[in-house]
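Asker: Supplied in structure tokens, the structure appears directly below.
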């Protein structure tokens, strides 16, 4: 049976579009400037989370490849990429928390 590589790729593209397209998820806001700031913050957070996850996965790949080839520098760079990706993902999560807080404050 042939592997359908395009299916996970297509699903990830659709997921990224849904995460980044916050125009459809606008809240009933009293102040549009605050709402726009919340949406921009959420968009930035989504991009950070996607980039951070990709960086972590690439770091794992580098680490394993370095271990397989005996290249300690490549393995160490892989570990550093994983740490940087985790930090980037965490900053994206924090941005989502801030965005949700702005939405909640703006509703009242």
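The values are calculated or read from the model by the stated rules, or taken from the named source; none is laboratory data. The shown structure was predicted, so the numbers you read here are calculated from the model rather than taken from an experiment. Positions of Cβ are generated from backbone atoms using ideal geometry, with glycine treated the same way; all protein chains shown enter the neighbour counts.
Asker: Suppose the filter is part of a helix (DSSP H, G or I) and either at pLDDT 95 or above or within 23 Å of residue 107 (Cβ to Cβ) (or both); does residue 85 pass it?
Answerer: Answer is no for this residue.
Asker: Does residue 74 satisfy the criteria of being in a helix (DSSP H, G or I), over 21 Å from the mean Cα position of the chain (by Cα) and either modelled with pLDDT of 95 or more or within 15 Å of residue 102 (Cβ to Cβ) (or both)?
Answerer: no
Asker: Just a yes or no: is a residue in region 2-11 under 14 Å from the mean Cα position of the chain (by Cα), modelled with pLDDT under 95 and more than 17 Å from residue 103 (Cβ to Cβ)?
Answerer: No, region 2-11 contains no residue that is under 14 Å from the mean Cα position of the chain (by Cα), modelled with pLDDT under 95 and more than 17 Å from residue 103 (Cβ to Cβ).
Asker: Filter region 62-82 for residues that are closer than 18 Å to residue 50 by Cβ and surrounded by fewer than 13 Cβ atoms within 10 Å (Cβ to Cβ) and give the result.
Answerer: None; the set is empty.
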